[in-house]
Amino acid sequence: MILSLDRQIPLSTLSEINKYIHKVKIGYPLILENIEYLDDIVKLHWDEIIFDLKLADIDNTMVLIVSKFINYADSFIAHSFVGIEGALDKLSEFLKNQNKSLYLVLSMSHKGWNDEFYPYLKNIAKTIDPKGFVVGATRPNMIRIVRNDFRNKIIISPGVGAQGAMIGDAICNGADYEIIGRSIYESKDPVTEAKKIIETQEVKINECKRTEN
Ligand code: BMP
């Protein structure tokens with residue numbers, strides 16, 4: 001599970017959640033809400049801090065943006081559609097030199113996303129060879145396709161809960177992590193909710209593994 005934080009929550013709550021969820025994805029709304037909060041987040045014990053800046057620009061601009069957060073992040077998310085030359089080639093090289101990782105968006109969770117572009121995005125993804133991909137949990141078929149095309153890459157999958165995908169479904173279809181935000185941070189008791197979601201996820205994964213065997 002990856003906690004998606006798009007809003008500030010009390011540090012004591014975050015620190016409790018951090019006992020159960022060890023990866024966090026930080027979004028623009030949170031950075032814009034309170035950039036100083038980032039200093040508190042990084043002090044907790046995360047296995048990975050992913051900056052979801054959905055980079056989609058020319059190389060120089062993307063490198064300037066990630067440079068601002070390089071000391072906070074383990075990895076960054078960029079759009080793949082911007083292409084290679086003059087964009088992702090330099091970003092990818094810069095992040096490698098900084099020992100940071102890159103995820104590329106291959107398929108989004110909202111209705112309006114068009115997967116007809118996937119063959120184009122797939123070729124870009126093959127050339128750039130990032131750590132992993134973002135594929136929406138609302139598109140189980142795309143998760144299966146991406147898993148089949150990229151057997152050794154990490155698939156992280158948003159869209160669970162608030163956007164309608166069921167807990168555990170993305171994992172059962174081949175994702176490595178489900179990304180969950182509002183279902184946790186907007187709940188009355190985020191810590192209990194996080195624990196409940198993890199339990200539900202475990203039950204679901206065990207069920208689908210049993211069905212596979
Ligand atoms: P929530 O669980 O609150 O819906 O949050 C999902 C998070 O994943 C948000 O930060 C959103 O920007 C991001 N996201 C998404 O929902 N769909 C995508 O296709 C790609 C994303 O990064």
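Under 5 Å from the amide H of Ser101 lie the amide H atoms of Ser75, Phe76, each residue being 5 or more positions distant or on a separate chain, with H modelled from the backbone and absent for Pro and chain starts. Dipole magnitude for the chain: computed about the Cα centre from +1 point charges on Lys and Arg Cβ and -1 point charges on Asp and Glu Cβ, it is near 440 debye. Subtracting the Cα-Cα distance of Asn99 and Asn141 from their residue separation scaled by 0.36 nm leaves 11.9 nm. State the percent of C-alpha pairs, over all pairs in the range 110-207, separated by a distance greater than 22 angstrom. When all Cα pairs of the range 110-207 are counted, 32 percent exceed 22 Å. Note on Thr127 and Asp89: the model spin-label points, each 7 Å out from Cα along the C-beta direction, lie 0.7 nm apart.
Our summary gives the range 2-212 a relative contact order of 17 percent, counting only alpha carbon pairs under 8 angstrom and 6 or more residues apart. Per-residue extension of 0.36 nm, minus the Cα-Cα distance of Lys111 and Tyr20, leaves a gain of 29.7 nm for this segment.
What a 1.4 Å probe finds exposed on the chain is 49% carbon and sulfur by accessible area, rounded to a whole percent. The orientation-averaged shadow of the Cα convex hull for the range 26-112, equal to a quarter of the hull surface, comes to 6.2 nm². Subtracting the Cα-Cα distance of Ser12 and Lys68 from their residue separation scaled by 0.36 nm leaves 17.5 nm. When you filter the trypsin sites (Lys or Arg not before Pro) in the range 59-149 for DSSP loop state and at most 14 other Cβ atoms inside 10 Å of their Cβ, you are left with Lys111. Applying the criteria of a DSSP loop state and at most 15 other Cβ atoms within 10 Å to the trypsin sites (Lys or Arg not before Pro) of the range 163-212 yields Lys188.
The convex hull of the Cα atoms of the chain, projected and averaged over all directions, covers 11.5 nm². Sorted largest first, the principal axis extents computed over the alpha-carbon atoms of the range 1-60 equal 39, 22, 16 Å.
The values are calculated or read from the model by the stated rules, or taken from the named source; none is laboratory data. The structure presented is a predicted model; accordingly, all values stated were derived computationally and were not measured. Positions of Cβ are generated from backbone atoms using ideal geometry, with glycine treated the same way; all protein chains shown enter the neighbour counts. When the accessible area is computed, the model is the full protein with side chains, heavy atoms only, and any ligands, DNA or RNA have been set aside. Shrake-Rupley method; radii C 1.70, N 1.55, O 1.52, S 1.80 Å.
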